Amino acid sequence: MFIVVRHGNTFETGETPRRIGARTDLPLTAHGREQARALGAHFAAQGWRFSRALVSPLLRTQETAAAILAAQDAPPVPAACLWLAEIDHGPDENRSEEAILARIGADALAAWDTRAEPPE
């Protein structure tokens, strides 16, 4: 079986979301850590035990994997894989949607979000 998990929350409630990718290494929030622990408890309740865990080198994915695996009796050590790193948002990395709209415009942002056409 192969399970894909996205990391827990990295923004606090009310914090302005930003485009976060490979160059912005945010930790999980308290809520994100709780999400990961809850997922670990869910997997344990299902009787699922992981023999291997591959994660990106980013802190948020490392923390998520550690919390999930902590629910196992004999958890594996997560293996960091560079090929699992997130997208690099270029000049828009760690910027809000408002700032990105100001830089590239609504049409370019829509093309990026809906058709994966990168802006200039």
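The values are calculated or read from the model by the stated rules, or taken from the named source; none is laboratory data. For clarity, every value in this text was computed on a predicted model and none was experimentally measured. Neighbour counts run over all protein chains shown; Cβ positions are idealised from the backbone, glycine included. Side chains are part of the model used for accessible areas, which takes the heavy atoms of the whole protein and leaves out ligands, DNA and RNA. Shrake-Rupley method; radii C 1.70, N 1.55, O 1.52, S 1.80 Å.
Residue-level check: of (1) over 17 Å from the mean Cα position of the chain (by Cα); (2) in a loop (DSSP other than H, G, I, E, B), G21 misses just (1).
Sort out which residues of region 56-66 are touching an Asp or Glu at 6+ places or on another chain (Cβ under 8 Å) and open to solvent by less than 50 Å² (accessible area, probe 1.4 Å), and write them in order of number. Answer for region 56-66, where residues must be touching an Asp or Glu at 6+ places or on another chain (Cβ under 8 Å) and open to solvent by less than 50 Å² (accessible area, probe 1.4 Å): S56, L58, R60. Cβ separations smaller than 7 Å between residues 6+ apart or across chains give the following pairs from region 95-120 residues that are within 19 Å of P17 (Cα to Cα) to residues that are open to solvent by 90 Å² or more (accessible area, probe 1.4 Å): W112/P118. Summed over region 24-42, residues that are part of a loop (DSSP other than H, G, I, E, B) and open to solvent by 50 Å² or more (accessible area, probe 1.4 Å) total 2.
Condition check ((1) in contact with a strand residue (DSSP E or B) (Cβ under 8 Å, 6 or more places away or on another chain); (2) open to solvent by less than 80 Å² (accessible area, probe 1.4 Å); (3) among the charged types (D, E, K, R)) across all residues:
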{"residue": "L54", "(1), (2), (3)": "yes, yes, no"}
{"residue": "P75", "(1), (2), (3)": "no, yes, no"}
{"residue": "I87", "(1), (2), (3)": "no, no, no"}
{"residue": "G90", "(1), (2), (3)": "no, yes, no"}
{"residue": "N94", "(1), (2), (3)": "yes, yes, no"}
{"residue": "D107", "(1), (2), (3)": "no, no, yes"}
{"residue": "A110", "(1), (2), (3)": "no, yes, no"}
{"residue": "E117", "(1), (2), (3)": "no, no, yes"}
